[in-house]
Every structure is written in C-alpha cells, then in structure tokens.
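Undergrad: What follows is a single structure, and I will ask about it in a moment.
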Amino acid sequence: MGKMSNTEKHSLTISILIQKYLNGTCSSEEARKITEFFEDPVNEARMQEEFGSHWDSINAKFNLKGSSVENKVVLDQILDKLHHRISLHEEQAVRKRFSQSRIFSIFSKCAAVLVLPLLVYSLFLTSRISKSNLAEARQSVWKTVRSTTGMQTDFVLPDGSHVWLNSGSEFKYPVPFAADIRQVELKGEAFFDVTKDHAHPFLVHAGKLNIEVKGTRFNVISYEDEKSGELALESGSVRLFSGNYADNNTLATLIPGERAYLDISQNKLTVSKVDVSKYTAWKDGLLVFKNDRMDEVVLRLSRWFNVEIILQSPELKNYVYSATYRDETLSEILELLKISAPIKYTISDRIKMKDNSFSKRKIFLTKSN
C-alpha cells in the first residue's frame, strides 16, 4: 500500500474525531480540533460530506429516550438545518450568506447535550438569502429573504421600509421597485413599518390576502399550510382588495386597532377590534396570550417552536388562556399549561421522510381527569 498524503491523513483524523463525538468519547482537545475544522470555510465541502455520511447516527443520537422536551425540539432544529444544508449542496444557483442570529440563544438552553462543534456548524445555517433573476418587463431582480426555523430576521427595503420576518417565513421584493408601485410577496409572518410615499402605493401579496398600504405599521400572517390569513393594524391604514390592484375591488379598509381574519375554506373575511400588541409582540421576543382560545394558543405555540401541537380533546378548544412568555422553553410552557388548565401532554417521535428529512415533532394535548 502507498503512503497516505497529509490531506488524506487529516481527512481520516476528522472522520475519527466526529465518530468519537457521536460516541460521546471526545476529549476537550479533540473537541477543539473539530471546532477549528468547522470554523474554516475552506472545509465547506468536507463538512457536508461528513454530516451526510453520519446523518443516521446523528439523528439516532438526538432522539435518545429520556431527553427533555426542550432538548428534543431544539435538536430537531439542528437536524433539519443539517439536512437542508446537505440537500442544498446540489443547488449550484444558490448563494449562501452566513450570519449569527437569535438561534444562538435558543441553542444555549440545551448546552448539556450539545457540544461546541455542532453549535459552531449550526451558526452557519441560520441565515440564507436566495437570489433569482425573475425577468419582468422592467428587468427587476427579485430578491428572496428567508427566516429559518427558530430565528427572526429584520431588514430594510430600498424605499426605507422596515420588515421583521418571523420564523419559517419567506419574503420577496424587486430591486429596484417599479417606477409606479412598490410590490412585495410574503409567505409566513411579518411585521411591516412602511415608509410613506403616496405617489407609490405599497402592495403586499400574502397568499389570499392582497393589501394596499400607506405609511403604516401592521402584522400579517399567511402560512401556506394553514387555512387562514390575518392582518392586525397598529397605525396608519390598509385596504384589502381582491383581484388585480387596478380593478379597485375593495374588501375592507382597516383603522388602527382592527384585525382582519380570512377563513380561506369559507372565503369569509371578518374584521374586529383587538389588542394589537399581542399580535406584534413576537418581533420583540415576546409571546403574548390575552383571553385566547386554546386552539389559537396551540397554533401560535406550534409556529413559535416549529412543532405540531394537536388538541385531541375537543372540549379544550374553547378553554380561554392568558399569559406572557419571553424566554420560557417549550417544556416550561407545557408544564405551566398543566398547572393552569386541565391538560396533559404526550410527545411522538419524528417520522423519517423519503428525502431523509424528518416530519415535525408532534405534541398531543388531552384533557386531564
């Protein structure tokens, strides 16, 4: 046999160290070496190769029985991001931009089961911007901003408007805006602080919600996998319309303190007075419930923690709940629910999909005796 090159020896060493990490036998010095390896952008391809080959082992490690709810949920986020990164290896058109984000603070809560190498690697996965040349008559380039699971992103548009994008959301906008109109698209949840410009209307297309905005602060929710959409107006005014903007088919005009709720299955739009602060508090790191039905509570918790919470007892749907959370973990919130409501919960394992990704973790809520 021929002698191995230094590169081959280094590659073998990293493989051995990662395997030792998975077995829980890494020393502090070995953990430091893995960390240095992950921190070097030159090792990008090798990083993907290593985690691809160890995928099943990593998943098995992170689904050990006896792990806390919070550890499982947070580690689910890491697995999803690792799989997403490995899958993107084949998408040559995607340009990656790395930045640290609020997910660092989430990961820190499960430090007992995380080691530094995975934490460092996960930081590379928390922010990504895809750019695609979607040719239009005016030759604008549409930019896509995605806020990955477990993080929020905020950015400023070319007109000075400020947008906060919630976890698992996608936002598209053209650069430059058209000469006569400012038009954007949203999937998920976002808070807008729109710059006033009466000569150039600001339009938001969010699923079935079409919104005309003046100088306005408001929150929009429109997730693709949900059968509803909503808008809560903090200040200014908005107009909801159907069809093309030029047709001027107004459905409703909102004033501050109002919320528009669209039931897509029934094609029914309802406008009501609300406490807007509970719909906008998420951008400040708060999760606020004020006399909310339990079916709405579990929906917002599901979005916040990227899990699927299912009410198995129909009588729980109308239970009214009030609370404000800032840094509480999902485990802590579930325990508080048990104390304040007649609720107990169970957690299911994730299901591996055909593309080697995993379904969301499911949490079942039932009425306690």
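Undergrad: State whether one or more residues within region 356-363 are more than 24 Å from residue 189 (Cα to Cα), of a type outside the set (D, E, K, R) and buried (at least 19 other Cβ atoms within 10 Å of the Cβ).
TA: Start the filter on region 356-363 by keeping residues that are more than 24 Å from residue 189 (Cα to Cα), which leaves 356.
Next, only the ones that are of a type outside the set (D, E, K, R) stay: 356.
Now drop any that are not buried (at least 19 other Cβ atoms within 10 Å of the Cβ), which leaves none.
Checking region 356-363: not a single residue is more than 24 Å from residue 189 (Cα to Cα), of a type outside the set (D, E, K, R) and buried (at least 19 other Cβ atoms within 10 Å of the Cβ).
Undergrad: For region 210-251, which positions are acidic (Asp, Glu) and within 17 Å of residue 262 (Cβ to Cβ)?
TA: The first filter runs over region 210-251 and keeps only residues acidic (Asp, Glu), leaving 212, 224-226, 230, 234, 247.
Result: 212, 224, 225, 226, 230.
Undergrad: Go through (1) in contact with a helix residue (DSSP H, G or I) (Cβ under 7 Å, 6 or more places away or on another chain); (2) open to solvent by 50 Å² or more (accessible area, probe 1.4 Å); (3) under 19 Å from residue 171 (Cβ atoms) one by one and return the number of the condition residue 200 breaks.
TA: Exception for residue 200: condition (1).
Undergrad: Looking at region 328-351, which of its residues are open to solvent by less than 50 Å² (accessible area, probe 1.4 Å) and either over 28 Å from residue 277 (Cβ atoms) or of a type in the set (A, V, I, L, M, F, W, C) (or both)?
TA: Just the residues of region 328-351 that are open to solvent by less than 50 Å² (accessible area, probe 1.4 Å), to begin with: 329-331, 333-334, 337, 341-343, 348, 350.
Within region 328-351, 330, 333, 334, 337, 341, 342, 343, 348, 350 meet the criteria.
Undergrad: Any idea how many residues of region 318-332 are within 23 Å of residue 189 (Cα to Cα) and in contact with a strand residue (DSSP E or B) (Cβ under 6 Å, 6 or more places away or on another chain)? I'd like the intermediate steps shown before the answer.
TA: So in region 318-332, the residues within 23 Å of residue 189 (Cα to Cα) come out as 321-330.
Going one step further and asking which of them are in contact with a strand residue (DSSP E or B) (Cβ under 6 Å, 6 or more places away or on another chain), we end up with 321-325.
Selection size over region 318-332: 5.
Undergrad: What residue, among those in region 169-192 that are farther than 16 Å from residue 217 by Cβ and either touching a helix residue (DSSP H, G or I) at 6+ places or on another chain (Cβ under 7 Å) or hydrophobic (A, V, I, L, M, F, W, C) (or both), is surrounded by the most Cβ atoms within 10 Å (Cβ to Cβ)?
TA: 171
Undergrad: Mind listing whichever residues of region 304-327 are under 23 Å from residue 350 (Cα atoms), open to solvent by 40 Å² or more (accessible area, probe 1.4 Å) and outside any strand (DSSP E or B)? Give the derivation first.
TA: Applying the first criterion (under 23 Å from residue 350 (Cα atoms)) to region 304-327 yields 304-313.
Applying the additional criterion that residues be open to solvent by 40 Å² or more (accessible area, probe 1.4 Å) yields 304, 308, 310, 312.
Within region 304-327, 304, 312 qualify.
Undergrad: Here's a follow-up. Of (1) in contact with a helix residue (DSSP H, G or I) (Cβ under 8 Å, 6 or more places away or on another chain); (2) farther than 25 Å from residue 154 by Cβ; (3) part of a strand (DSSP E or B), residue 288 satisfies all except one. Which?
TA: Condition not satisfied by residue 288: (2).
Undergrad: Pick from 231, 286, 269: which is of a type in the set (A, V, I, L, M, F, W, C), open to solvent by 20 Å² or more (accessible area, probe 1.4 Å) and modelled with pLDDT of 95 or more? It would help to see each step written out before you state the result.
TA: On the way: 231 fails: open to solvent by 20 Å² or more (accessible area, probe 1.4 Å); 286 fails: modelled with pLDDT of 95 or more.
Within the list 231, 286, 269, the selection yields 269.
The values are calculated or read from the model by the stated rules, or taken from the named source; none is laboratory data. Keep in mind the model is a prediction, meaning the values are calculated, not measured. We place every Cβ from the backbone using ideal geometry, glycine too, and count neighbours over all the protein chains shown. The protein model used for the area step is the full one, side chains on, heavy atoms only, and it has no ligands, DNA or RNA in it. Shrake-Rupley method; radii C 1.70, N 1.55, O 1.52, S 1.80 Å.
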